[in-house]
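S.K.: For reference, the structure I am asking about is given below.
The values are calculated or read from the model by the stated rules, or taken from the named source; none is laboratory data. All of these numbers come straight from a predicted model, not from anything done at the bench. Neighbour counts run over all protein chains shown; Cβ positions are idealised from the backbone, glycine included.
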């Protein structure tokens, strides 16, 4: 239920951001085409290693509330070299960045981000709704879509800002886990915490 | 300042590559088992056949351990204390969500068994890409061996997981397995879903 609610809130925020009523059609027409569409350009692109959403995953997203909230969409890939079958997946992430402080004009540290993600793996065996051949409520979880939480940190620099259109480059790391792992861990003191943690790091290029 | 950033990045990379090596997770469905987690049933058959039978055959039986890993651990400890046990049968549902990680956790404890063990496939083990994880870790879904003139036949009966396609259980394979010959006197058939259960393909 709360998942659905979260999704709706995200959707509302996204749509609200895209269609700002204060900006009228008249104002639009005065701008050239590139400016007109500029608002749709993602605020950042990310490239991530591991973190449970692919060996490598690429993401785009928008920042809201003075960069205090980020909504990102990732596509992740796991090649056959690290798994028997290659895997394709997408994930939606909502990250809250509560604290940030500037070390100097060029470097900003965003130390404690908290996030929620929902991860969908493609393939018939990774179903989302229970296939019809099963009796109702036969399995309570879905292998194709599961969600989790993560903690992360980020260092924002001005790297590449004078050579490319990017305003800066950030390096981040995250520690996450997902519902299915937490459920497996409950009541099992013999399973090390390390086993349910998904660690990942990446680089973000800000517009 | 630039050196500081570089040092910071290098430290981060160093920490991630050393301390957190095992934490890198690419997907809940990535299967990359270590050597001890592969071909488990066949290796245990070979181990059992090296063991000389005596006048009594004692089998420890478990199953449906789902995500009760601590209890699996206790079971293993108890079996290890009993010198009479010749081998262990796990009748399936070792991985509650069929996750490769749960396969690894389940086998982590079973690997501590002093005696050979055999794991049959259960319906839970087949969710997601569980069939690949099972095949990779334990081997064929249907398998058998003969020990002390007894034939043990492990057969996949999780018909519902295969949409009642008429091929699970493989009755032709079972028939061939049960055909009398000089190698065995009696046969024991082991299955996860019993024939009177709704998940069994009764057609």
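S.K.: Residues to consider are A:89, A:83; find the one that is out of contact with any strand residue (DSSP E or B) (no Cβ under 9 Å at 6 or more places or on another chain), farther than 16 Å from residue A:204 by Cβ, surrounded by 15 or more Cβ atoms within 10 Å (Cβ to Cβ) and modelled with pLDDT of 90 or more. Show your work before the answer.
M.R.: Numbers: A:89 fails: out of contact with any strand residue (DSSP E or B) (no Cβ under 9 Å at 6 or more places or on another chain).
Going through A:89, A:83 in turn, the sole match is A:83.
S.K.: Considering region B:166-199 alone, what residues qualify as being in contact with a helix residue (DSSP H, G or I) (Cβ under 6 Å, 6 or more places away or on another chain) and more than 18 Å from residue B:140 (Cβ to Cβ)?
M.R.: B:199
S.K.: Select from region B:55-75 the residues that are farther than 23 Å from residue B:133 by Cβ and assigned to a loop (DSSP other than H, G, I, E, B) and list them in ascending order.
M.R.: Scanning region B:55-75 gives B:55, B:56, B:57, B:58.
S.K.: May I pose another question? Given (1) in a loop (DSSP other than H, G, I, E, B); (2) modelled with pLDDT under 95; (3) surrounded by 11 or more Cβ atoms within 10 Å (Cβ to Cβ), identify the lone condition not met by residue B:52.
M.R.: (3)
S.K.: Let me ask you something else. Of the conditions (1) free of Cβ contacts under 8 Å to residues at least 40 places away in the same chain; (2) loosely packed, with under 14 Cβ neighbours inside 10 Å; (3) within 18 Å of the chain's Cα centre (by Cα), residue A:41 satisfies every one except a single condition; which number is it?
M.R.: Failing condition for residue A:41: (1).
S.K.: Looking at region B:163-203, which of its residues are under 12 Å from residue B:151 (Cβ atoms) and within 22 Å of the chain's Cα centre (by Cα)?
M.R.: B:174, B:177, B:187, B:188, B:189, B:190, listed by residue number.
S.K.: Restricting to region A:106-139, name every residue that is in contact (Cβ under 8 Å) with a residue 12 or more places away in the chain, facing chain B (nearest Cβ under 10 Å) and assigned to a loop (DSSP other than H, G, I, E, B). Reasoning before the result, please.
M.R.: Of the residues in region A:106-139, the ones in contact (Cβ under 8 Å) with a residue 12 or more places away in the chain are A:106-123, A:125-130.
If we keep only those that are facing chain B (nearest Cβ under 10 Å) too, we end up with A:106-107, A:109, A:119, A:121, A:123, A:125-127.
Within region A:106-139, A:106, A:123, A:125, A:126, A:127 qualify.
S.K.: Out of all the residues in region B:23-42, is one or more over 26 Å from residue A:86 (Cα atoms), at pLDDT 95 or above and surrounded by 14 or more Cβ atoms within 10 Å (Cβ to Cβ)?
M.R.: Keep residues of region B:23-42 that are over 26 Å from residue A:86 (Cα atoms), which gives B:42.
Going one step further and asking which of them are at pLDDT 95 or above, we end up with B:42.
With surrounded by 14 or more Cβ atoms within 10 Å (Cβ to Cβ) added as a condition, the list becomes B:42.
Yes, region B:23-42 has at least one match.
S.K.: Is one or more of the residues making up region A:80-87 under 18 Å from residue B:31 (Cα atoms) and more than 10 Å from every other protein chain (Cβ to nearest Cβ)? If you could, list the steps in order and put the result at the bottom.
M.R.: Step one: filter region A:80-87 for residues under 18 Å from residue B:31 (Cα atoms), giving A:80-87.
Within this subset, residues satisfying the condition of being more than 10 Å from every other protein chain (Cβ to nearest Cβ) are A:80.
Within region A:80-87, one or more residues are under 18 Å from residue B:31 (Cα atoms) and more than 10 Å from every other protein chain (Cβ to nearest Cβ).
S.K.: May I ask you to verify whether residue A:191 is within 8 Å of another protein chain (Cβ to nearest Cβ) and without any contact (Cβ under 8 Å) to a residue 24 or more places away in the chain? Break it down into steps so the answer makes sense when it comes.
M.R.: Values: within 8 Å of another protein chain (Cβ to nearest Cβ): yes; without any contact (Cβ under 8 Å) to a residue 24 or more places away in the chain: yes.
Answer is yes for this residue.
S.K.: Moving on. Check region A:46-59 and report whether any residue there is over 30 Å from residue B:34 (Cα atoms) and either in contact (Cβ under 8 Å) with a residue 12 or more places away in the chain or within 8 Å of chain B (Cβ to nearest Cβ) (or both).
M.R.: Just the residues of region A:46-59 that are over 30 Å from residue B:34 (Cα atoms), to begin with: A:46, A:59.
Still in the running and either in contact (Cβ under 8 Å) with a residue 12 or more places away in the chain or within 8 Å of chain B (Cβ to nearest Cβ) (or both): A:46, A:59.
For region A:46-59, residues over 30 Å from residue B:34 (Cα atoms) and either in contact (Cβ under 8 Å) with a residue 12 or more places away in the chain or within 8 Å of chain B (Cβ to nearest Cβ) (or both): present.
S.K.: Of the residues B:89, B:131, which is part of a strand (DSSP E or B) and either more than 25 Å from residue A:135 (Cβ to Cβ) or modelled with pLDDT of 95 or more (or both)? Walk me through it before giving the result.
M.R.: Numbers: B:131 fails: part of a strand (DSSP E or B).
Of the residues listed, the single one that is part of a strand (DSSP E or B) and either more than 25 Å from residue A:135 (Cβ to Cβ) or modelled with pLDDT of 95 or more (or both) is B:89.
S.K.: Among the numbered conditions (1) exposed (fewer than 10 other Cβ atoms within 10 Å of the Cβ); (2) in a loop (DSSP other than H, G, I, E, B); (3) at pLDDT 95 or above, tell me where residue B:175 comes up short.
M.R.: (2)
S.K.: What about residue A:142, is it within 11 Å of chain B (Cβ to nearest Cβ) and surrounded by fewer than 19 Cβ atoms within 10 Å (Cβ to Cβ)?
M.R.: Spelling it out, residue A:142 is indeed within 11 Å of chain B (Cβ to nearest Cβ) and surrounded by fewer than 19 Cβ atoms within 10 Å (Cβ to Cβ).
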